[in-house]
1. Once each part is reduced to its C-alpha centroid, what is the distance from region 260-274 to region 275-306 in angstrom?
2. Within the chain, which whole H helices from DSSP have a Cα span along their axis of at least 20 Å and a mean Kyte-Doolittle hydropathy of 1.0 or more, if any?
3. For region 1-141, with all protein chains present and a 1.4 Å probe, just round the carbon and sulfur fraction of the accessible area to a whole percent.
4. I'd like the accessible area for VAL235: 1.4 Å probe, protein heavy atoms, all chains in place, Å² to the nearest 10.
5. Work out the charge dipole of the chain with +1 on the Cβ of Lys and Arg and -1 on the Cβ of Asp and Glu about the Cα centre, then indicate which of THR329, GLY244, THR99 is farthest towards its positive end.
6. Tell me the Kirkwood radius of region 317-386: reciprocal of the mean inverse pair distance over distinct alpha-carbon atoms, in Å.
7. Placing +1 at every Lys and Arg Cβ and -1 at every Asp and Glu Cβ, with all other atoms neutral, what dipole size does region 284-334 have around its Cα centre, in debye to the nearest 20?
8. Accessible area, 1.4 Å probe, largest first: how do VAL39, VAL177 sort?
Amino acid sequence: MAEQPFSMAPVRRGLSDSALLDEVQRNTFRYFWDFAHPVSGLAYERSDYLASRPDLVATGGSGFGLMAILAGVERGFVSRAEAAERVLKIVRFLIGCPTYHGAFPHWLNGATGATIPFSRKDDGADLVETSYLMMGLLCARQYFHRDDPVEGEIRHWADILWSETEWSWFTRGGQAVLYWHWSPNHGWALDHEIRGWNECLITYVLAVSAPRHPAPPRVYHRGYAEARAFDNRRVYEGMELPLGPDWGGPLFFAHYSFQGLDPRGLSDRYADYWTQNVRHTLINRAYCIRNPRGWAGYGPDCWGLTATETDQGYRALSPTEDIGVISPTAAVSSMPYTPDESLAALRHFYEEKGDRIWTDLGFVSSFCEARNWTSQAHIAIDQGPVVCMIENYRSGLLWELFMSCPEVKQGLSALGFTRAAAT
């Protein structure tokens, strides 16, 4: 077996809450800093792919990584100058990569920039992964605002990458919905409409906010919001859930879009998004505490069902798809919504489970007490929300950066979003 690209890390029990958050952010940040691809600076899809697929980097995971780097500067893990040089390396690499109507593929070769197919017909644009990358680029553009040659060049390339994405193309000829994929070899063969409450709110916000090739607001109202699994209003674990599938779905729905999109006071005709995410999180936790399937290990401090690596392959876990596997990113990345409950879970994962799941790159993807199984992988889209959502809980940094974008403000207004004044 190939040597693991990570090492188990010592557990320092009894840390203060602040020191524990520093510790978890610092190690998880290393996934995007020390473990980044040496040529491009982009984020590897997974740590356990390094031996077999050494140049496989993730577009969306790299967008999360850009935001994690900004948090790393604020926490003193790296200097602003070091971070600026790294981000410049990334955007210079991205500007040379092939895109498809301005959208990036799911996977890239981190050494050459070539597209790596995600599946046989998914060998071109992935609009959702592109939206995560653009979210990170816009945060970086807003953060590196100084009159400095390096920071100025970051802004220059970020603006080009952002403005050249043809969001309108992904309406497939003017339909009232966005499509997830387009292939230069297979066209629209995957035929995947982006509908229903899921991880894709950010995709619609950016599509309508785009400076040169925007999609019209009707794609959001008649496409995304017109789906069987959008409006919910049913009660689970004693709480009414505004949107989403039964029991809310995997917890990453409350994380991916909201690393940049600030849900505090954010609402539209469909929901209050702070209420949505808090209730989704509390329902997921309450289900794990009730533990109707009797899985070993579940409890008030050990909860969190989301998409993750399992001993049965990569699965999108939720109360309706529960196989006894807990993923630390689920509870930890929910810290803005449930600070006390998430901090207790974090301390449990670190102090009680850390000898098995804590490494120099942060927590591994998941574990299952019932089958005595522990993942040997870290996954970029797990690690990014840990750093970013903890930072949003602590300082609101990434929320403030993303929401400061003039284009985003205009797009949210066009979609009918409003923001309540802070109290």
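1. Taking the Cα centre of region 275-306 as reference, the centre of region 260-274 is 23 Å away.
2. Values: long enough: 59-74 (23 Å, 1.10); 80-95 (22 Å, 0.55); 127-143 (24 Å, 0.68); 149-163 (21 Å, -0.27); 273-290 (25 Å, -0.60); 380-394 (21 Å, 0.12).
Sorted by number, the helices that extend far enough and score high enough are 59-74.
3. Details: 2470 of 4970 Å².
Carbon plus sulfur share of accessible area: 50 percent.
4. So the heavy atoms of VAL235 present about 100 Å² to solvent.
5. Result: GLY244.
6. 12.4
7. Rounded to the nearest 20 debye, it is 160 debye.
8. If we order VAL39, VAL177 from most to least accessible, we get VAL39, VAL177.
The values are calculated or read from the model by the stated rules, or taken from the named source; none is laboratory data. These figures come from a predicted structure and were not determined experimentally. Here Cβ is always computed from backbone atoms with ideal geometry, including for glycine, and neighbour counts include all displayed protein chains. Side chains included, ligands, DNA and RNA excluded: accessible areas come from the protein's heavy atoms. Shrake-Rupley method; radii C 1.70, N 1.55, O 1.52, S 1.80 Å.
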